[in-house]
Amino acid sequence: MIFAGSLPATRVAVADFNPLFLTCARATIAALLGLALLRLLRQPRPTPTDVPALAVTALGVVVGFPLLTALALQHVTSAHSIVFLGLLPLCTAIFAVLRGGERPRPAFWVFSALGSTFVAGYAAMGGITASLQGDLLMLAATVLCGLGYAEGARLSRRLGGWQVICWALALALPVMLLGTLLSLPASVAQVSGPAWLGLAYVSLFSMLIGFVFWYRGLAQGGIAAVGQLQLMQPFIGLGLAALLLHEQVQWMMLVTTLGGVLCVAGAKKYAQ
């Protein structure tokens with residue numbers, strides 16, 4: 001539910017902030033809060049062998065997904081981009097096998113692929129022709145996000161869910177802080193209130209609080225199985241896009257999303 005608000009909030013924020021600043025600023029704010037939590041609760045530092053996995057996690061969820069979605073939302077609406085999140089469960093499951101050592105049963109892949117097919121079918125029926133650049137950016141963002149989810153969840157089995165995202169943010173902080181300083185807006189006088197709220201949401205909730213629950217859930221319930229719950233995310237996101245941004249939600253978007261959600265139960269049944 002927290003992540004479902006990310007794309008609408010990003011869509012609002014990129015109206016007044018450039019994508020690079022938004023990506024770096026949200027990560028910097030979240031990293032400073034994460035470091036404060038780690039220090040306050042006296043968490044042990046990761047071992048050197050954990051650093052590569054933390055770097056992959058940061059690449060996927062701290063840098064890749066936020067930046068690519070911010071760029072994509074300059075070309076497509078948040079309602080359109082949310083439908084692409086239907087591909088996330090399949091991407092997450094693939095990386096759960098490649099990186100997490102999970103082995104779902106064959107029937108799982110049938111249901112997971114079927115859910116993603118609804119999304120691909122929608123794109124082929126008109127989404128791609130609307131903005132090829134926007135759709136390709138969303139597709140790349142989805143792949144990187146799936147990688148970051150699986151890698152972070154794998155590491156969470158040892159370090160803990162909130163610790164992983166905090167350490168990943170801390171690892172990326174030097175680069176993100178430099179990027180924030182170099183991409184500062186010339187003036188903040190013209191930045192609207194909704195844009196500031198969008199920045200606050202993606203910094204606090206999308207970049208930090210959401211992962212506290214998400215990585216813990218993936219680690220406890222299995223990356224491939226719990227990852228299928230992401231097919232419910234577009235429903236919530238489409239509702240937020242319509243309610244808060246007054247964007248038109250086409251009936252095909254709802255049909256596509258509904259078809260994907262109906263595959264969740266079947267996929268979860270055969271995930272173990």
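No value in this document is a laboratory result; all are computed from the given coordinates. None of these values were measured; they are calculated from a predicted model. Glycine gets a Cβ as well: all are built from the backbone with ideal geometry, and neighbour counts include every protein chain shown.
Return the residues of the stretch 239-249 that are part of a loop (DSSP other than H, G, I, E, B) and surrounded by 15 or more Cβ atoms within 10 Å (Cβ to Cβ); say none if nothing qualifies.
Within the stretch 239-249, E247, V249 meet the criteria.
Report, by residue number, each residue of the stretch 1-26 that is in contact with a Leu (Cβ under 6 Å, 6 or more places away or on another chain) and among the small types (G, A, S).
Answer for the stretch 1-26, where residues must be in contact with a Leu (Cβ under 6 Å, 6 or more places away or on another chain) and among the small types (G, A, S): G5, A13.
Results for (1) of a type in the set (D, E, K, R); (2) under 19 Å from A70 (Cβ atoms); (3) surrounded by 17 or more Cβ atoms within 10 Å (Cβ to Cβ), shown as yes or no for each residue.
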| site | (1), (2), (3) |
| --- | --- |
| W162 | no, no, yes |
| W167 | no, no, yes |
| T180 | no, yes, yes |
| L184 | no, yes, no |
| A189 | no, no, no |
| A195 | no, yes, yes |
| W214 | no, no, yes |
| G237 | no, yes, yes |
| C263 | no, no, yes |
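For the stretch 55-108, name all the residues that are part of a loop (DSSP other than H, G, I, E, B) and among the hydrophobic types (A, V, I, L, M, F, W, C).
Hits for the stretch 55-108 are L73, V76.
What number of residues within the stretch 22-55 satisfy the criterion of being buried (at least 21 other Cβ atoms within 10 Å of the Cβ) and not small (G, A, S)?
Number of matching residues: 6.
Please identify the pairs in which a residue from the stretch 206-218 that is among the basic types (K, R) has its Cβ atom under 9 Å from the Cβ atom of a residue that is surrounded by fewer than 24 Cβ atoms within 10 Å (Cβ to Cβ), counting only partners at least 6 apart or on another chain.
Between residues of the stretch 206-218 that are among the basic types (K, R) and residues that are surrounded by fewer than 24 Cβ atoms within 10 Å (Cβ to Cβ), the close pairs are R216/G160; R216/G161; R216/W162.
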